[in-house]
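Taking it in order: structure first as structure tokens, then the write-up.
The values are calculated or read from the model by the stated rules, or taken from the named source; none is laboratory data. Keep in mind it's a predicted model, so treat the numbers as computed, not measured. Here the Cβ is made from the backbone with ideal geometry for all residues, glycine too, and neighbour counts use every protein chain on show.
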Amino acid sequence: MPAPLCEDGAVPTDEPPARGRLARAVRAATPLDWIRLALLAAGIVCVLTGALPRAEAEANLRRIAPLLAFLAAIIVLAKLTKEARVFDVLAARMAIAGRGSYPALFGLSVLLASSLTMFLNLDTTAVLLTPVLLALAAQTGIAAPPLAMTTVWLANTASLLLPVSNLTNLLAADRVALPPAAFAARMWLPQLVAVAVTALFLWLFFWRRKARGKDAYVPPAPPAIDSPKRFWAASIACLGFVIALFAGVEIAIAAGVAAAVVVAAFAVNGGRAHLRPSLIPWQLLIFVTGLFLVVPTLARHGLADVMAALIGSDGGLIGAFRAAFTGAGLSNALNNLPAYTAGETVVPAQNQTQLLALLIGTNVGPVVTMWGSLATLLWYESCRIYGVRVEKRRFALTGAVCALIAIAGSVPALLVTGQ
């Protein structure tokens, strides 16, 4: 016999409200959520047991506090921007502008994914653009795998240009004391090379006629906008955020103000239902905090010695290549964030080029394994939800080719901008 319903349609439960919420949260947790929680727990154990001195742990947490504030604000901004249908409109307009031509759609997809990654961050592309493009594919008959691979590759390889593009960039910019404009001045050419190589292999492996299996697609109808006021507020907030970065505004403040503008727009224009606690990316914040406790512990107990031997101390081209490929290898073995933080500790302070080369490896390289970056993990979850099958062997082989050539071209470009 079915359970009786309450007046509001809910199924009654004997559990106290707090316990019921906890039970629902436990049931809703994914394997990736449990991994994040386990990582944080491991980090706390490292501190409690003395494996990581408490003073060092506190220093690490103080260092990342502004970064965590930025991450929380930028994800809130990105999620509400999606709810305002800005990304849906961009994706649909992109498909309409392509007029059924796959080559045109390819160029526009590369431009959109690269721009979102560079000017917001890679998680925006992986978490928010991926579902939009996969839904667009389902609605119009556009082949899904080319769109899916475009988002995951460019979420990683297009994350070199600005400090906000990737959390590793924020750490590197802090280490080398480069404001956004100066950072972009060093990284624009490596970024251009990385995107060009990525676009080349996206076309060869996934977009050309033989790979995609279709000649043309049917352009979709323009999507409806629920609230023009929320739509324009979100659009203007994102644009203002980018302008503020180049004006030298601190990234956490710029992201916080932009997020506040959009939250206010939703609050006063019928969007309060969207202002939920789930907007806060607690999973990402837990993951980052755990990493900054566990990785320093590993560095104190052998990892730093291994990284020092692999990277070396040469400040020239050879040292840059060693740093980049070591970072890429460790990123695919573990994850790009611990790979960068472990490498950063052994690169001599005066070797700015070598440190930025390490950044190239940890940003461009994690396209070989599913766990190479958090963005890749989140992308894979979206593919699973939308029923897009990912052939892991093909993913690894094509990603290895793309990463190898992109890094090989981006590192010399970094030396050019450093002259």
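Key figures for this structure:
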quantity: Subset of the range 375-392 (residues that are of a type outside the set (Val, Ile, Thr) and part of a helix (DSSP H, G or I)); calculated: Ala375, Leu377, Leu378, Trp379, Tyr380, Glu381, Ser382, Cys383, Arg384, Lys392
quantity: In the range 139-172, residue modelled with the lowest pLDDT [restricted to those that are assigned to a helix (DSSP H, G or I) and of a type in the set (Val, Ile, Thr)]; calculated: Thr140
quantity: Any hit, the range 116-127, residues being part of a helix (DSSP H, G or I), touching a strand residue (DSSP E or B) at 6+ places or on another chain (Cβ under 9 Å) and aromatic (Phe, Trp, Tyr); calculated: no
quantity: Counted residues, the range 393-404 - those being surrounded by fewer than 18 Cβ atoms within 10 Å (Cβ to Cβ) and either touching a Ser or Thr at 6+ places or on another chain (Cβ under 9 Å) or outside any helix (DSSP H, G or I) (or both); calculated: 1
quantity: Qualifying residue in the range 364-374 (condition: assigned to a helix (DSSP H, G or I), surrounded by 15 or more Cβ atoms within 10 Å (Cβ to Cβ) and modelled with pLDDT of 95 or more); calculated: yes
quantity: Number of positions in the range 202-222 that are in a helix (DSSP H, G or I), over 24 Å from the mean Cα position of the chain (by Cα) and not aliphatic (A, V, I, L, M); calculated: 3
quantity: Hey, Leu167 of a type outside the set (Ser, Thr, Tyr), touching a helix residue (DSSP H, G or I) at 6+ places or on another chain (Cβ under 9 Å) and surrounded by fewer than 24 Cβ atoms within 10 Å (Cβ to Cβ) or not; calculated: no
quantity: Per-region count, the range 100-124, residues in contact with a helix residue (DSSP H, G or I) (Cβ under 9 Å, 6 or more places away or on another chain) and over 23 Å from Asn169 (Cα atoms); calculated: 8
quantity: Which listed residue is modelled with pLDDT of 90 or more and farther than 20 Å from Thr151 by Cβ, from Ala216, Ala184; calculated: Ala184
quantity: The range 223-254 - residue that is in contact with a Lys or Arg (Cβ under 7 Å, 6 or more places away or on another chain) and not in a helix (DSSP H, G or I) and, of those, modelled with the lowest pLDDT; calculated: Pro223
quantity: Set Leu32, Leu68, Leu61, Leu37: member being under 16 Å from Gly290 (Cβ atoms), in a helix (DSSP H, G or I) and modelled with pLDDT under 80; calculated: Leu32
quantity: Every residue from the range 313-337 that is surrounded by fewer than 23 Cβ atoms within 10 Å (Cβ to Cβ), assigned to a helix (DSSP H, G or I) and without any contact (Cβ under 8 Å) to a residue 60 or more places away in the chain; calculated: Ile318, Gly319, Arg322, Gly329, Ala333
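Okay, residues lined up against (1) within 17 Å of Leu374 (Cβ to Cβ); (2) buried (at least 21 other Cβ atoms within 10 Å of the Cβ):
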site: Ala38; (1), (2): yes, no
site: Ala51; (1), (2): no, no
site: Phe70; (1), (2): yes, yes
site: Val86; (1), (2): no, yes
site: Ala126; (1), (2): yes, yes
site: Val132; (1), (2): no, yes
site: Thr140; (1), (2): no, no
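For (1) farther than 27 Å from Val249 by Cα; (2) polar (S, T, N, Q), each residue gets a yes or a no:
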position	(1), (2)
Leu77	no, no
Thr81	no, yes
Arg93	yes, no
Gly98	yes, no
Ala113	no, no
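Let's see how each residue does on (1) touching a residue at least 40 places away in the same chain (Cβ under 8 Å); (2) hydrophobic (A, V, I, L, M, F, W, C):
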position	(1), (2)
Lys82	yes, no
Val89	yes, yes
Ala97	no, yes
Thr124	yes, no
Leu128	yes, yes
Met149	yes, yes
Ser165	yes, no
Asp174	yes, no
Ala181	yes, yes
